[in-house]
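Trainee: Below you will find the structure I want to go over with you.
Read the figures in this text as sums done on the coordinates, not as results from a lab. All values reported here derive from a predicted model rather than from experimental measurement. A quick note on method: Cβ atoms are made from the backbone with ideal geometry, for glycine too, and the neighbour counts reach across all protein chains shown.
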Amino acid sequence: MIDLVYSIADQNVETTKSIGIYNFSAHLAQCLSEHSQIGKFTVFSNSTVTPGLRLTAKARVQEFDFACRSKVGRIWWDQWGLYRAARATGHGWLFLPKGFCSFVTRPHLRVAAFAHDIMGDFYCQHYPGFQSKLESFYFARSLAATLRQSRVIFTNTEFSKRELTGWAQRIGLPMPKVVVTGYGFAAPEPARAEKENRILLFASKMPHKRTDIAIRFLTRWLRESKYDGVIDCIGILSSRMAKPGGLGWNWIGRVLPAQAYKMMRRARAVIYVSEYEGFGMPPVEAVLEGSCPVFSDIPPLREAMGETGCPFSNDSEESFLKAMDRALGTPPETIHAWSKWLLHRHHWPAVAERIVQELSTA
């Protein structure tokens, strides 16, 4: 049996930069709490996270609100508080679903971490100055500590494994065992909402999401297709980026996950533009909600999606126009077949099983 501490105390659904990682962390906690080989299971949480957790009776929840209330509280938790609280449980393992260890102190129990990407390094290479030097330094040091301290590192795609391994080699660190477990997804609700003449766009102020490309390509598509529906745009847009106005554009802003799923469910197509990901959840989620995804043709998204959906090249407006036309012409039965295939491929119990088996032998 594995006695495990699982820390999600530093996450907050209302302020997180990645809803995907938050959803992953919450669902994985549930799956691990259900696994027969997990003995004592303590979840470090906070009052914003606990109400949304679905854990079995054997799970014990401890709340640490200071871990997410301020930057000072977060830093203290990351560097000292987490290890101290984990050691006090007497459990043998600490699992970090966001993948960042303390670089100030060392744990007194075995550590496993889930490293989703090396986004900080990507920003340093391609968008220097977007993150402060202090923030870049902090997370680079934390990820390096993860490589030094973890018995095993889990990740989402073969692409992320290659990225992580390459980063370790560049900075001269030995690489621990890295295991690709993938992500899991929940089966869609049996009752589906009726489709409306809407398209859903995931927008973001984060530069790698390339909302600028999405706006430029969609503007041309609207002009040439004579589309007479609505484009719902969710997410926080940079103040430096002009929002297209006029008929069809509906700028909503940040929404909680439940509302995003509801909006996917009613949309005919879901647009996700990015130049870098570890995995990229929304295209998979769109299919599961019965909508056709139009997404950037980059390696991690292709790995996650296989032959499903409608990919396009970020460098080609023509590619995007064709992808939009294919998406709106994709019949429901095709999307349903994609949904079954993706659920089989990205299966929560299988993800938890891979993790537990590695912890059992590490």
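Trainee: Kindly put 226, 209, 322 in sequence by how many other C-beta atoms sit within 10 Å of each C-beta, fewest to most.
Mentor: Fewest-to-most ranking of 226, 209, 322: 226, 322, 209.
Trainee: Ok, one more. Can you list the aspartates and glutamates whose alpha carbon sits under 19 Å from that of residue 40, skipping same-chain ones fewer than 8 residues off?
Mentor: Partners found: 3, 63, 353, 358.
Trainee: Where does each of 230, 5 land when they are ranked from fewest to most other beta-carbon atoms within 10 angstrom?
Mentor: 230, 5
Trainee: Given 4 °C and 1.567 mPa s, how large is the Stokes-Einstein diffusion coefficient of segment 252-314 in µm²/s, with Rh as the Kirkwood radius over Cα pairs? Don't skip to the answer; put the middle values down first.
Mentor: Details: Rh = 11.8 Å.
Taking Rh from Cα pairs, D becomes 109 µm²/s.
Trainee: At residue 189 and residue 344, where each label point lies 7 Å from the Cα along Cα→Cβ, what is the point-to-point distance in nanometres?
Mentor: 2.7
Trainee: Separate question: If you bin the C-alpha pair distances of the chain every 20 Å from 0, what whole percents do you get?
Mentor: Here the calculated profile for the chain is 29, 57, 14, 0.
Trainee: Right, something else. Cα to Cα, under 30 Å, and not fewer than 8 places away if on the same chain: which lysines meet these conditions relative to residue 243?
Mentor: Counting by Cα, and skipping residues close in sequence, residue 243 has these lysines nearby: 17, 133, 195, 205, 209, 226, 262, 322.
Trainee: Given points 7 Å out from each Cα along the Cα-Cβ axis, report the residue 76 to residue 336 separation in nanometres with one decimal.
Mentor: Result for the modelled spin labels: 5.6 nm.
Trainee: Calculate, in nm to one decimal, what residue 137 and residue 242 gain on full extension: separation in residues at 0.36 nm each, minus their alpha carbon distance.
Mentor: Extending this stretch completely gives an extra 34.7 nm.
Trainee: log₁₀ I(q)/I(0) of segment 198-345 at q = 0.18 Å⁻¹, via Debye over equal Cα point scatterers, no solvent, to two decimals?
Mentor: These q points yield log10 I(q)/I(0) values of -1.05.
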